[in-house]
Amino acid sequence: MDKYLTPEQLANRWSCSSNTVRNLISSGKLDAFRVGRKLLKIPTEAIKEYEDA
């Protein structure tokens, strides 16, 4: 697995929409950071942490 995933890649993995992933990020339930103005990256550590919760 890559060290970071985009919301689209994570949505594909979880079989949901990228908007669902973005909503989790906006609500603070899933950690992510911006690269530039638009690109969001989600660390795999944050994904594992959310999946284990």
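Read the figures in this text as sums done on the coordinates, not as results from a lab. Remember, predicted model here, so these are calculated numbers, not experimental data. Here the Cβ positions follow ideal geometry from the backbone for every residue, glycine too, while neighbour counts run over all protein chains shown.
Only residues in the range 33-53 that are touching a residue at least 40 places away in the same chain (Cβ under 8 Å) count as the first member; pair them with residues that are among the hydrophobic types (A, V, I, L, M, F, W, C) and surrounded by 12 or more Cβ atoms within 10 Å (Cβ to Cβ), Cβ under 8 angstrom, at least 6 apart or cross-chain, and list the lot.
43/32; 43/33; 44/5; 47/5; 47/10; 47/30
Acidic (Asp, Glu), under 8 Å from the mean Cα position of the chain (by Cα) and outside any strand (DSSP E or B): does that describe residue 2?
Details: acidic (Asp, Glu): yes; under 8 Å from the mean Cα position of the chain (by Cα): no; outside any strand (DSSP E or B): yes.
Answer is no for this residue.
Quick check on the range 5-53: of everything there that is assigned to a helix (DSSP H, G or I) and hydrophobic (A, V, I, L, M, F, W, C), which residue is surrounded by the fewest Cβ atoms within 10 Å (Cβ to Cβ)?
Restricting attention to the range 5-53, the residues satisfying the condition of being assigned to a helix (DSSP H, G or I) are 7-14, 18-26, 44-52.
Next cut, hydrophobic (A, V, I, L, M, F, W, C) only: 10-11, 14, 21, 24-25, 46-47.
On the way: 10: 25, 11: 17, 14: 14, 21: 25, 24: 19, 25: 18, 46: 19, 47: 20.
Applying the filter and picking the extreme gives 14.
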